[in-house]
Amino acid sequence: MFVTNRLVKWGFFLVALSLIPAAMAEKYSVVPPEGSYDGKNVKQPIEFPHYIHVKINKINCMYCHTYARRSKVAGIPPTSKCMGCHKVIATDKPRIKKLTKYWEEKKPPLWKKVNDLPDFVHFTHEKHLKKLVFDRDYPVENVKEVCAFCHGQVENMTVDRKVKPLNMGFCVRCHIKNKKLGAPGDCWKCHK
Ligand code: HEC
Ligand code: HEC
Ligand code: HEC
Ligand code: HEC
Ligand code: HEC
């Protein structure tokens, strides 16, 4: 009798426990945005292959785009970061020779913008990543799946291009679908 009582108690306890993750998953589930865009390749000072770095060498997006988690902008890594590896890696390749020349002459390559919002739109990486990654304990090694909401599968790109519309409809529709997570609908939140 004593044993079965305990079993029943534990049974309830375990069932309750197993419901917590389900409830969390419900609370933190994100509806990905819809829509695509066919952006053309942008001519960059050095053709930078995301594919080789992310897909083949498994470098995390936020290792290079370090500001994404703590500021408005994600930022482009400085040449010093590239040289941390390329002082020794692939030094015989023409593109790395070009990179090394920029480094030695202390002239940063002028990377051209690929995704660009008009100045009257307010956007911040920090807030989005906090909500879409860190607050829901999403594994940071998979952060590229969240970047992909707004930038597509950059890991497969040999030259980065714009593949999501990033227009008002795109942003607003995702905000409506993710209202539960606190995504605002007011005009003034995105326009100042
Ligand atoms: C909710 C949409 C969204 C998500 C998620 C997102 N971005 Fe962005 N990203 C944008 C928008 C919009 C711009 C253009 C911003 C502008 O022009 O003001 C941008 C611009 C950028 C830029 C250009 C430099 C800059 O900061 O303006 C980089 C690099 C970038 N994003 C990387 C990332 C990485 C890496 C991740 C994932 C860790 C990520 N983004 C997640 C929407 C997003
Ligand atoms: C953590 C190390 C690391 C960092 C940081 C890094 N790279 Fe690389 N990069 C690699 C590796 C590994 C390869 C593949 C080399 C090979 O295949 O021989 C590579 C390949 C390349 C190639 C292709 C070379 C070719 O022609 O085959 C280019 C271009 C390149 N990197 C540019 C850059 C630039 C620009 C930066 C800075 C924004 C950078 N890399 C930062 C590790 C790194
Ligand atoms: C080794 C460093 C490195 C890694 C890792 C890396 N990037 Fe980049 N990223 C760059 C450089 C350099 C540029 C500028 C050249 C270009 O636009 O092709 C760039 C450009 C971008 C842009 C375009 C910026 C703009 O002007 O709009 C986006 C978006 C972006 N990266 C997203 C990502 C995402 C998502 C990941 C992970 C899947 C990632 N990056 C991983 C170095 C890196
Ligand atoms: C995945 C769907 C999704 C997409 C796509 C998206 N957002 Fe958001 N956005 C959110 C969520 C969720 C929040 C709530 C963040 C919070 O409350 O911390 C948010 C918050 C914001 C905020 C409020 C930030 C603050 O300071 O309180 C602004 C502004 C914003 N988004 C602008 C944009 C713009 C502009 C775009 C399009 C370029 C965009 N968002 C695309 C989900 C999205
Ligand atoms: C989630 C963010 C978001 C919200 C909320 C939002 N907008 Fe926008 N809005 C944008 C973005 C992003 C653009 C830039 C579109 C582009 O570049 O194509 C834009 C562009 C505009 C434009 C310029 C249109 C054009 O054709 O150039 C107007 C006007 C505008 N919004 C008004 C509003 C009004 C009014 C509201 C409230 C009913 C509102 N917006 C709510 C993100 C938002």
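Every number in this text was worked out from the coordinates using simple rules, so none of it is lab data. Treat the numbers as computed from the prediction; the structure is a model and nothing was measured. Here the Cβ positions follow ideal geometry from the backbone for every residue, glycine too, while neighbour counts run over all protein chains shown.
Quick look at the numbers
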{"read-out": "Failed item, numbered, when Ala68 is tested on (1) crowded, with 17+ Cβ neighbours inside 10 Å; (2) more than 14 Å from ligand 2 (Cβ to nearest atom); (3) part of a loop (DSSP other than H, G, I, E, B)", "value": "(3)"}
{"read-out": "Any hit, segment 169-190, residues being surrounded by 14 or more Cβ atoms within 10 Å (Cβ to Cβ), part of a loop (DSSP other than H, G, I, E, B), within 16 Å of ligand 2 (Cβ to nearest atom) and among the aliphatic types (A, V, I, L, M)", "value": "no"}
{"read-out": "First in segment 120-141 and more than 9 Å from ligand 4 (Cβ to nearest atom), second anywhere and of a type in the set (Phe, Trp, Tyr), Cβ under 6 Å, 6 or more apart", "value": "Arg136/Tyr28"}
{"read-out": "Residue tally, condition surrounded by 14 or more Cβ atoms within 10 Å (Cβ to Cβ) and outside any helix (DSSP H, G or I), over segment 155-168", "value": "9"}
{"read-out": "Condition met for Ala148 (surrounded by 14 or more Cβ atoms within 10 Å (Cβ to Cβ), closer than 17 Å to Cys64 by Cα and either among the hydrophobic types (A, V, I, L, M, F, W, C) or in contact with a helix residue (DSSP H, G or I) (Cβ under 6 Å, 6 or more places away or on another chain) (or both))", "value": "yes"}
{"read-out": "Long-range neighbours under 9 Å by Cβ, at least six apart or interchain, first residue polar (S, T, N, Q) within segment 45-63, second not in a helix (DSSP H, G or I)", "value": "Asn60/Val143"}
